[in-house]
Amino acid sequence: MASVHESLYFNPMMTNGVVHANVFGIKDWVTPYKIAVLVLLNEMGRTGEGAISLMERRRLNLLLLPLLQGPDITLSKLYKLIEDSCPQLANSVQIRIKLMAEGELKDMEQFFDDLSDSFSGTEPEVHKTSVVGLFLRHMILAYSKLSFSQVFKLYTALQRYFQNGEKKTVEDDDMELTSREEGERKMEKEELDVSVREEEVSCSGPLSQKQAEFFLSQQAALLKNDETKALTPAALQKELNNLLKFNPDFAEAHYLSYLNNLRVQDVFSSTHSLLHYFDRLILTGAESKSNGEEGYGRSLRYAALNLAALHCRFGHYQQAELALQEAIRIAQESNDHVCLQHCLSWLYVLGQKRADSYILLEHSVKKAVHFGLPYLASLGIQSLVQQRAFAGKTANKLMDALKDSDLLHWKHSLSELIDISIAQKTAIWRLYGRSTMALQQAQMLLSMNSLDSVNAGVQQNNTESFAVALCHLAELHAEQGCFAAASEVLKHLKERFPPYTQHAQLWMLCDQKIQFDRAMNDGKYHLADSLVTGITALNGIEGVYRKAVVLQAQNQMSEAHKLLQKLLTYCQKLKNTEMVISVLLSVAELYWRSSSPTIAMPVLLHALALSKEYRLQYLASETVLNLAFAQLILGIPEQALSFLHMAIEPILADGAILDKGRAMFLVAKCQVASAASYDPPKKAEALEAAIENLNEAKNYFAKVDCRERIRDVVYFQARLYHTLGKTQERNRCAMLFRQLHQELPSHGVPLINHL
């Protein structure tokens, strides 16, 4: 299930997608790049409306905002951007910059003097309060404050900037003329990429305040909504280090560094950056200036709260509890109910294994509603639903609770929580064994457009809930034998969530489990055994269970039994009911494969009682299937057949293809065993019905490429055809059995003891 408390981290940088950089000593100044942008603006004003088409002007207007807000770029790259929007204007800008750079210092002086004319007249070209007007005024003011030596240095930098751009343009032209062979073209492009990177580094100085704010807001929004479009962890950290080199007290840069280190699970660096953020926030007095003395205490308590969340994320629960106690103490002293509500939510996260944790959660939801905190209230409701689902509450009550939560989401436009709610529904339906409903919910989430429009133009579709839904979709397709579709879903997951992203472990585990199931179905136990290590690294309990399954398939019964008993004790202690039932079913299978079906019966009855109590319908059906098989072994096929009719409907409706095949195979076995006492005509009719069921089972097994079970089916069919005197059909099944028997290893397990 989706982790519903993942979003409880205090993020002071983001308020409606805007970074509040309160502490930044670097103001706007004139750079060669900004002079080039000023030339572009001046040319746009000078060019008449008829000279530039409406579409070109629209493209130029869209280009202006990133040029004004973004970091400095090379001149050649600027030319290319302008040329893509309006080739005619690009030529004018290039000529104008060339005349200025190759002329004299007075040309640049005259250019800045002429900029003020843009605001003159009854209908000025630029309004003073517009985005472009504010930029022009800032540049004119910054230029007027420069000393003569600084003006000379700026002009020298402009000449160097122009020369580098011209050199780059000449290299581009030479490459287009001389690159004929593909190998040479690739080599030149690699060299070109290196030179561009070096140029960009050489022309990029310290960012101005607005550039830093834009960069931080953009990267923070990308990390929150679409991590793949953000800079890689190494590249982002390099940019942040460069930013902090010019201003070490820039608190928000430390916070973004903290978020960046969380991506790569670096506990030391993330803790270091988080503490630096709050230290800078307190030392610079940024909070205190706006909130008085209250701001100082606010920084301290939220520092402790974030530290608790960080330790909890890395599994350091004792340290998290200590930090949380400190946050609660400071919040109580300051009478900060909002902070206390966050602390209460994290108290539940730390103590959710306790039996009385639901009381704490209910209290948290009531308080959050009372103080008007819909986000926390909704998270609490979803956590409560998750807990009640594991406790075995009925699905209709859980869905009613989620419906109330959804009303809260839509009312307050909490799009992130809408996604989490749908992912929760998908997981709950799968837990209860309703794969069709789970598939519907997963597809609903994938087709739903996000409400959270981010300033960087990113849709919120790379969150944990999206990854959870895609993983469910991949597993559901794999269960139905659609391995190509499951592979496409996993490929999409790998592209959306690269290995270094925080949610990549979800698809890694999903991929390993699907590969394991395919290897087991194909009888490649050595391959399945090699996959156990990867599964264990991602999920220890799942890995131990899969190891026991492999040992059991390899007929290492004593080792498998020891492992299953240890796992059973551990899961009972953790109250992991779903895994407890799965382990009990494996133990029962181990008993009857060891020719002890009577010992398996109480184990299966215990599993059935648990699955009924916790309303795990699919596991209950699978348990009934195993009970029917145990009764067949004990020699009471009629009772087994009547018992089987209880379980076969849910399995055929929502079960995996492999389980459908097992159910139909078992029905055929029970029909054959029951027909032993029938009259010859009735017996022949029963055997014909059994053969039809065996054909259906064989088709199911073929979809998942389970050749070992197909071998058992064709062996059984050959025996039945022989009894009915159908020689041709018998020989065909016997030949197919012989081919499969030669290809597959035989472990000496009697056919009747294999479900």
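The values are calculated or read from the model by the stated rules, or taken from the named source; none is laboratory data. Note that this is a predicted model, so its numbers are computed, not measured. No Cβ is skipped: glycine too gets one built from the backbone with ideal geometry, and neighbour counts run over all protein chains shown. When the accessible area is computed, the model is the full protein with side chains, heavy atoms only, and any ligands, DNA or RNA have been set aside. Shrake-Rupley method; radii C 1.70, N 1.55, O 1.52, S 1.80 Å.
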Next on the checklist: Taking the conditions exactly as written (surrounded by 12 or more Cβ atoms within 10 Å (Cβ to Cβ) and assigned to a helix (DSSP H, G or I)), does Lys106 satisfy them or not?
Outcome noted: no
Checklist entry - Residues of segment 122-165 being under 13 Å from Ala36 (Cα atoms) and among the aliphatic types (A, V, I, L, M), which ones? => result Leu136, Met139, Leu154, Ala157, Leu158
Checklist entry - When residues of segment 234-253 are filtered for being open to solvent by less than 20 Å² (accessible area, probe 1.4 Å) and either assigned to a helix (DSSP H, G or I) or modelled with pLDDT of 90 or more (or both), how many remain? => result 6
Checklist entry - Can you pull out the residues in segment 601-653 that are without any contact (Cβ under 8 Å) to a residue 40 or more places away in the chain and of a type in the set (S, T, N, Q)? => result Ser611, Gln631, Gln639, Ser642
Checklist entry - If you check Lys77, Lys167, Lys153, which single one turns out to be closer than 26 Å to Leu207 by Cα, assigned to a helix (DSSP H, G or I) and modelled with pLDDT under 80? => result Lys167
Next on the checklist: Looking at segment 684-695, can you tell me whether even one residue there is open to solvent by 30 Å² or more (accessible area, probe 1.4 Å) and under 26 Å from Ala478 (Cβ atoms)?
Outcome noted: yes
Checklist entry - In segment 630-640, is there at least one residue being out of contact with any Lys or Arg (no Cβ under 6 Å at 6 or more places or on another chain) and of a type in the set (Val, Ile, Thr)? => result yes
Checklist entry - Just for segment 623-656: of the residues that are of a type outside the set (A, V, I, L, M) and assigned to a loop (DSSP other than H, G, I, E, B), which one is most open to solvent (accessible area, probe 1.4 Å)? => result Gly635
Next on the checklist: What pairs come out if I take residues in segment 360-378 that are more than 20 Å from Leu350 (Cβ to Cβ) and pair them with residues that are open to solvent by 60 Å² or more (accessible area, probe 1.4 Å) and in a helix (DSSP H, G or I) whose C-beta lies under 6 Å away, six or more apart or interchain?
Outcome noted: Phe371/His337; Pro374/His412
